[in-house]
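This report concerns only the one structure given below.
Computed from the coordinates by the stated procedures, all read-outs in this text should not be read as laboratory data. As the structure is a computational prediction, the values presented were derived from the model and not from experiment. Glycine also receives a Cβ, built like all others from the backbone with ideal geometry; neighbour counts cover every protein chain displayed.
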Amino acid sequence: MTPWLKLFDLIPHRLQVRIGQRHLLDLLCASDLDRFREPLPGLFEVAKLAGVTGEVVGNRAHGGKFRGDDQKLVAGLLAEFHLVQTVGLVNPAGGIVRSHLNQSARDFQGRQPMLFRRANSPFLLQNPRVIAVPRRDPLQFRTRFGDISQFAPAGGGIQMVAVGRRQFAHSRSSFFFRFGKRQEITQNSRMNATFKLRPAGPNLRNSMRNFLPGAVPKCVPGLLFVLCGFLTAPLAQSKSGESIETLAELQARLNGHLAQPRFAAATWGAKIVSLDAGKTLFEYNAAKLLKPASNAKLFTGALALDRLGPDYRIKTSCHAAAKPDPNGVLKGDLIVYGRGDPSFAARFNGGDSSKSLEPIVAALVAAGIHRIEGDLIGDESWFHGAPFGSSWTWDDLQNYYGAEVSALSQEDNVVDLIVKSGAKSGEPCLIVARPDTPFLNFINRTKTGDKGSKREISLYRPVGEAVVYVSGQLPLGTNYPDAVSVHRPALWFVTRLKEQLERRGVAVAGKLRSVNWLDRETQPLDFSKLTEIASVESRPLSEILAKMLKPSQNLYAQLLLLQVGARSRKSDNKGQTTADAGIAELNRFAKETGIKPGELFFDEGSGLSRSALVTPNAIVQLLIFMSRHRAAEVFREALPVAGVDGSLRGRMKGTAAEKNVRAKTGTIGYVHALSGYVTTAAGERLAFSVMLNGYDTDGKHSVKDDLDPIPVTLAGFKGRSDKP
């Protein structure tokens with residue numbers, strides 16, 4: 001016969017403060033541990049509080065394993081709860097307050113030593129024994145003492161004052177404690193409970209401070225620490241092999257994770273919805289506006305798919321006043337007119353930057369050009385507006401993730417660098433640029449340090465300049481990779497194009513120039529007077545989308561927003577920028593998806609903006625809409641896969657979420673987000689969004705510890721949304 005499970009022995013039967021003789025505190029006294037089939041003694045402790053009485057009116061344990069209708073006085077418990085018994089309390093104003101706990105008892109994780117009294121007086125702790133308690137997910141709770149109206153004089157003896165618990169648990173949790181063969185875990189023993197807590201009277205700690213000055217400040221904090229240690233089990237500590245089989249357990253586990261003390265000053269937002277049943281499994285601050293960071297790319301990518309289609313390609317044209325003559329000489333200027341194609345980049349060519357401009361070079365050679373007499377002009381006037389996203393900060397602009405936005409972009413408008421130590425200490429370091437280009441001027445102020453010395457390398461490109469200062473030191477025998485953005489990317493485009501044309505035997509006699517939308521306001525381009533010499537098309541949007549979402553590429557996201565904006569912008573609306581037109585189209589799209597007004601405020605497409613705000617409601621609604629979209633599969637396949645690729649390559653490995661979760665990450669200063677899709681262990685498809693604002697890692701945890709436990713828990717969930 002399976003030994004009886006002594007429920008609720010995980011926490012004390014009595015939580016008492018003793019005033020007078022002997023001990024001030026009695027904690028974790030679990031009496032009569034070896035006797036089976038008895039109701040828990042001392043679940044409610046007598047306290048002599050004026051005008052408050054009560055009684056146990058019945059037991060509600062499953063299976064009748066506790067003696068029914070066990071009557072017991074309960075006096076002065078002002079923050080009432082019930083775990084094993086149904087309690088009726090008579091408060092000072094009269095009227096019975098009843099409550100039940102609805103709680104599932106499940107197996108516990110691991111083994112944790114706990115001290116229990118075997119017998120005799122609860123405060124003497126005679127014959128103690130330490131028991132390794134198999135436990136899993138103890139209750140998450142905020143420890144606050146209940147209130148006491150007054151103390152009753154004790155007539156010279158020991159007076160016991162029951163300490164009530166207010167807000168003992170945030171939500172549903174799971175727990176049990178067993179004896180006998182502790183290696184076994186009984187899954188079919190469970191019990192239900194609900195909390196209803198109410199305040200009354202002055203705070204206990206204030207009362208105790210007045211009654212025993214100096215005593216409680218020493219005792220109470222220790223008590224809080226011990227209880228938190230025993231009764232808190234965040235998701236991050238859960239084992240991948242554990243299972244959650246009910247919706248109540250899932251909600252309790254998620255609530256427990258969000259309620260960890262390290263998040264006390266931060267703001268969480270979360271929502272989880274079943275794509276199959278349409279039911280919300282969990283939500284927390286789901287209607288609160290939060291910063292999304294790169295989760296904004298979900299909206300930009302979905303907008304581009306909806307408005308342009310997965311097969312859409314972006315055209316780059318080469319124009320001149322006339323075709324080349326029979327000798328292959330182009331008499332005038334050659335204008336390279338860009339429309340925002342991001343695929344002139346090594347990431348579309350197996351990492352080989354030498355192939356990035358090959359399509360356009362091949363097209364010009366095929367057009368019969370051997371010499372260009374005029375200038376080579378990079379025209380980026382297709383987009384109207386600043387070369388940066390709205391609300392980007394100036395200190396982002398030299399970094400790869402803050403690269404300038406241009407209708408004529410290549411190599412992500414970034415030069416990759418490798419700083420290598422010199423041959424011996426004291427020598428300057430070597431700076432290697434990829435692609436190698438004279439377009440940037442590097443000022444080398446580095447030196448090589450001794451082996452084991454500190455690595456300190458910094459880059460600084462003043463805004464609007466092509467000069468990069470490289471400073472610091474590297475230990476001998478090491479190197480340091482970094483990247484720096486390029487100012488005036490359209491000019492850099494034609495600079496590299498000229499280099500590659502010359503390698504193919506095409507000479508450029510004229511100058512290199514770039515033209516933007518402001519230049520075209522005074523010198524408009526009349527295409528009716530020009531001839532298209534050559535053109536190339538980008539990779540399909542479906543491929544660009546994956547290159548944008550998986551590595552979280554900011555430039556590509558902004559280019560896609562501008563692509564939509566350029567198509568919808570009215571040419572006669574001189575005051576509207578292309579980005580403004582793109583945002584207007586995004587807002588119309590959001591309305592079509594079912595997002596409520598006031599739940600989305602974007603001003604650019606990448607999430608680098610510090611002004612962007614969105615609710616978890618809106619993100620999940622977008623995910624639901626896109627799961628039913630004609631391009632649903634393209635959208636889903638473009639997302640990073642946990643443990644496989646993109647920004648989730650190194651996350652959630654060895655868990656049920658690996659190769660399962662497809663989600664967009666988001667990280668910016670004190671902002672972390674993760675939103676996407678996951679399939680549970682029961683085969684139910686979920687859309688989720690988790691956002692954490694105003695939080696920095698504490699040195700002991702990483703963003704993986706903060707966000708990843710939630711999708712991992714969802715992936716291992718064996719229950720269903722329609723079965724609580």
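Taking other Cβ atoms within 10 Å as a rough exposure proxy, Trp492, Trp394, Trp517 sort from fewest to most as Trp394, Trp517, Trp492.
Amide H contacts for Ile314 (H built 1.01 Å from N in the peptide plane; partners 5 or more residues away or on another chain; cut-off under 5 Å): Ser538. Approximating the spin labels as points 7 Å out from Cα along Cα→Cβ, the Lys331-to-Arg503 distance works out to 3.3 nm. The loop-placed trypsin sites (Lys or Arg not before Pro) in the range 448-477, going by DSSP, that have at most 12 neighbouring Cβ atoms within 10 Å of their Cβ come out as Lys451, Lys454.
Each of Arg610 and Lys355 was given a label point 7 Å from its Cα along the Cα-to-Cβ line. The distance between the two points is 4.1 nm. Computed from the alpha carbon atoms alone, the convex hull of the range 313-539 holds 132 Å³ per residue.
Checked against a 25 Å cut-off, the cross-linked pairs Lys547/Lys653; Lys547/Lys659; Lys550/Lys704; Lys596/Lys664 all give Cα-Cα distances at or below that limit.
Residues Thr478, Thr246, Thr531, Thr522, arranged from fewest to most other Cβ atoms within 10 angstrom of their Cβ, appear as Thr522, Thr531, Thr478, Thr246. Modelled spin labels at Glu532 and Phe601, positioned 7 Å past Cα toward Cβ, are 4.3 nm from each other. Cβ crowding within 10 Å ranks Glu456, Glu585 as Glu456, Glu585, fewest other Cβ atoms first.
Separation of the alpha carbons by more than 28 angstrom is noted, of Lys279/Lys718; Lys271/Lys700; Lys291/Lys570; Lys570/Lys591, for Lys291/Lys570. Positive contributions from Lys and Arg (+1) and negative ones from Asp and Glu (-1), summed over other residues with Cβ under 15 Å from the Cβ of Lys315, come out at -2. Once R0 is set to 60 Å, what does the formula 1/(1 + (r/R0)^6) return for the Cβ-Cβ distance between Lys511 and Lys723, expressed as a FRET efficiency to the nearest 0.05? Here the calculated transfer efficiency is 0.25. Across the options Ile335, Ser425, Ile533, the greatest Cα extent toward the positive end of the charge dipole of the range 313-539 (unit charges at beta carbon of Lys, Arg, Asp, Glu) belongs to Ser425. The charge dipole of the range 313-539, taken about its Cα centre with unit charges on the Cβ of Lys, Arg, Asp and Glu (plus for the first two, minus for the last two), comes to roughly 540 debye.
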